[in-house]
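Take a look at the structure set out below.
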Amino acid sequence: MQSGAIRPINNMLPRQLFNAEHEAFRETVRKFYEKEVVPNIEKYESQQHVDRDLWNKAGAMGLLCPTMPEAYGGYGVDRLYSMILIEEQAYAMDSSTGFSLHSDIVANYINNFGNEEQKLHWLPKMASGEVVTAIAMTEPGTGSDLQAVRTTAVSDGDDFIINGSKIFITNGYLCDMAIVVCKTGSSEKGSANLSLIMVEADRAGFSKGKPLNKIGMKGQDTCELFFDNLRVPKTNLLGMEGMGFMMLMKELAWERMLVAIICQAGAEAAFAHTVQYTKERKAFGKTVSSFQNTRFKLAELRTEIDFCRAYLDRCMELQLTESLGIDAAAAAKYKISEMFSKVVDECLQLHGGYGYMLEYPIARAYIDNRANRIYAGTNEIMKELISRSL
Ligand SMILES: Cc1cc2nc3c(=O)[nH]c(=O)nc-3n(C[C@H](O)[C@H](O)[C@H](O)COP(=O)(O)OP(=O)(O)OC[C@H]3O[C@@H](n4cnc5c(N)ncnc54)[C@H](O)[C@@H]3O)c2cc1C
């Protein structure tokens, strides 16, 4: 059985994004995955979520919400730290931890749109792992078409009363708080009806389904949430009523980048495992790596991986100066997730029958990668966005 953790093969064009402090942080993250996560992946997969205390361990090591301001429990560092966290998760070939959604999506909404009281209440607990969070947009009846959300939040004095349900919610099973996308208005313009409400999971009327039985990413907690006459104070509203759609749009480029980063690093990990495997495996008295077909196939994959890496790192440079366009980020998500699917399929082929066995990391990567073309906006929606910029 191969270990899940691997170092990627150096890119043909050296990367230039990181300084010595970034690299020291990478080392800490790498050790965390090697020690705390990789040995437990099978356990997480059988229980369909990570252990709750993994969140506290990650928080204690400063691996949650590092980009949040220091006043709210973070380190105020740049988003390259988020990139490193995601890359190291992918190099460990782990798909169980849902840290990025918590640190890079939910925390950003609170930091961007929360008032001082909300930020002081939630962000330090999120950074320590005391609180696990989710974002609940998708419903059984609607995913891509967010404006068709049916979960309602009806005003009742100083409270909202929420009714409805959400599906496919990452971190849903372990979450202590979910930002729930609710319909609060009845305007003809659907986008003006949406609001974001922070809902504590211990409120009466909040219930969780069992973790959903997915084809891959089996260790990642994904479940349904139900709201039955759930009463929340209006002070739980994030930003202004009716501005939910606008708030969701603000960070969309970054959310697409998160998936592109996962896929790029995932492809690099799959490739590194395959190079190693083909050098060790023998057929017809030679290593599999010595066949011309193998060498050419690996050369093709390496070229594709490195072209995507150059595009992604350039997107990241623009992201750091907050000048990355929605179309460029959508293209990164679309192209790199397609590239990952292709790379992992070809890499599995080069493993022969062992590639079909789940104890080999390439097999798990093959099934886990599929969701990347679906979530954070499907690749069809990405093409829609790219075409709108023409
Ligand atoms: C593992 C996993 C984790 C997830 N985590 C979360 C989460 O944490 N929070 C959350 O809110 N959601 C989450 N989702 C949901 C995910 O974001 C949605 O599944 C996704 O947005 C697609 O919505 P849908 O499933 O309703 O598909 P649909 O919108 O029904 O789409 C079905 C098909 O129609 C296509 N289609 C739809 N509209 C168009 C169009 N205008 N033009 C062309 N084609 C179109 C789609 O591309 C797709 O191929 C998760 C999903 C998965 C699989």
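The values are calculated or read from the model by the stated rules, or taken from the named source; none is laboratory data. For clarity, every value in this text was computed on a predicted model and none was experimentally measured. Positions of Cβ are backbone-derived with ideal geometry, glycine not excepted, and every protein chain shown enters the neighbour counts. Heavy atoms of the whole protein, side chains included, go into the accessibility calculation; ligands, DNA and RNA do not. Shrake-Rupley method; radii C 1.70, N 1.55, O 1.52, S 1.80 Å.
List, please: which pairs have Cβ atoms under 8 Å, are six or more places apart or on different chains, and start with a residue in segment 350-372 that is of a type in the set (Asp, Glu) and end with one that is surrounded by fewer than 22 Cβ atoms within 10 Å (Cβ to Cβ)?
Within 8 Å, the pairs are GLU359/MET1; GLU359/GLN2; ASP368/GLY216.
How many residues does segment 278-317 hold that are acidic (Asp, Glu) and in contact (Cβ under 8 Å) with a residue 60 or more places away in the chain?
3
Got a number for residues in segment 46-73 being surrounded by fewer than 19 Cβ atoms within 10 Å (Cβ to Cβ) and assigned to a helix (DSSP H, G or I)?
9
Got at least one residue in segment 239-259 being over 22 Å from ASP145 (Cα atoms) and among the β-branched types (Val, Ile, Thr)?
Checked segment 239-259: no residue is over 22 Å from ASP145 (Cα atoms) and among the β-branched types (Val, Ile, Thr).
Which residue, of PHE168, PHE206, PHE160, is near the ligand (Cβ under 10 Å from one of its atoms) and at pLDDT 95 or above?
PHE168
Checking GLY216 against (1) in contact with a Lys or Arg (Cβ under 7 Å, 6 or more places away or on another chain); (2) away from the ligand (no atom under 11 Å from the Cβ); (3) not basic (Lys, Arg): exactly one of these is not met. Which one?
Exception for GLY216: condition (2).
Would you mention how many residues in segment 258-288 are assigned to a helix (DSSP H, G or I) and more than 16 Å from GLU338 (Cβ to Cβ)?
12
What is the residue count in segment 106-152 for residues that are closer than 17 Å to GLU251 by Cβ and out of contact with any Cys (no Cβ under 7 Å at 6 or more places or on another chain)?
Number of matching residues: 16.
For the list (1) without any contact (Cβ under 8 Å) to a residue 60 or more places away in the chain; (2) more than 14 Å from the ligand (Cβ to nearest atom); (3) surrounded by fewer than 24 Cβ atoms within 10 Å (Cβ to Cβ), I need the number of the one condition that LEU85 fails.
All conditions pass for LEU85, except number (3).
Please go through segment 274-297 and pick out each residue that is surrounded by fewer than 16 Cβ atoms within 10 Å (Cβ to Cβ) and hydrophobic (A, V, I, L, M, F, W, C).
Matches in segment 274-297: ALA283, PHE284, PHE291, PHE296.
Residue under question is ALA371, and the condition is that it be farther than 25 Å from ILE6 by Cα, of a type in the set (Gly, Ala, Ser) and open to solvent by 20 Å² or more (accessible area, probe 1.4 Å); does it hold?
The answer is no for ALA371.
Within segment 138-163, work out how many residues are open to solvent by less than 30 Å² (accessible area, probe 1.4 Å) and not hydroxyl-bearing (Ser, Thr, Tyr).
6
Just give me the residues in segment 169-191 being open to solvent by less than 20 Å² (accessible area, probe 1.4 Å), under 12 Å from GLN220 (Cα atoms) and not in a loop (DSSP other than H, G, I, E, B), in sequence order.
ILE169
Could you say whether any residue in segment 180-187 is among the small types (Gly, Ala, Ser) and within 15 Å of the ligand (Cβ to nearest atom)?
no
With GLU338, GLU359, GLU300, GLU322 as the choices, which residue is within 16 Å of the ligand (Cβ to nearest atom), assigned by the TED database to the domain that holds LEU258 and open to solvent by 50 Å² or more (accessible area, probe 1.4 Å)?
Being within 16 Å of the ligand (Cβ to nearest atom), assigned by the TED database to the domain that holds LEU258 and open to solvent by 50 Å² or more (accessible area, probe 1.4 Å) holds for just one of GLU338, GLU359, GLU300, GLU322, which is GLU338.
Just name the residue that is nearest to the ligand (Cβ to nearest atom) out of those in segment 362-390 that are of a type in the set (S, T, N, Q) and part of a loop (DSSP other than H, G, I, E, B).
THR378
Report, by residue number, each residue of segment 197-213 that is surrounded by fewer than 19 Cβ atoms within 10 Å (Cβ to Cβ) and either in contact with a strand residue (DSSP E or B) (Cβ under 6 Å, 6 or more places away or on another chain) or hydrophobic (A, V, I, L, M, F, W, C) (or both).
Once the filter is applied, which keeps residues that are surrounded by fewer than 19 Cβ atoms within 10 Å (Cβ to Cβ) and either in contact with a strand residue (DSSP E or B) (Cβ under 6 Å, 6 or more places away or on another chain) or hydrophobic (A, V, I, L, M, F, W, C) (or both), segment 197-213 yields GLU200, ARG203, ALA204, GLY205, SER207, LYS208, GLY209, LEU212.
Restricting attention to segment 136-163, report how many residues are part of a loop (DSSP other than H, G, I, E, B) and more than 27 Å from GLY377 (Cβ to Cβ).
Qualifying residue count for the region: 2.
Starting from segment 323-336, take each residue that is in a helix (DSSP H, G or I) and list its partners that are open to solvent by 30 Å² or more (accessible area, probe 1.4 Å) and of a type in the set (Ser, Thr, Tyr), counting only C-beta distances under 7 angstrom and pairs at least six apart or across chains.
Note: pairs meeting the criteria are ASP327/SER389; ALA332/TYR311.
Quick grid of which residues meet (1) more than 26 Å from MET249 (Cα to Cα); (2) not β-branched (Val, Ile, Thr):
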{"site": "ALA60", "(1), (2)": "yes, yes"}
{"site": "PRO69", "(1), (2)": "no, yes"}
{"site": "GLY74", "(1), (2)": "no, yes"}
{"site": "VAL77", "(1), (2)": "no, no"}
{"site": "TYR81", "(1), (2)": "no, yes"}
{"site": "LEU85", "(1), (2)": "no, yes"}
{"site": "SER96", "(1), (2)": "yes, yes"}
{"site": "ASP104", "(1), (2)": "no, yes"}
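Out of curiosity, is GLY114 modelled with pLDDT of 95 or more and open to solvent by less than 40 Å² (accessible area, probe 1.4 Å)?
For GLY114, the condition - modelled with pLDDT of 95 or more and open to solvent by less than 40 Å² (accessible area, probe 1.4 Å) - is met.
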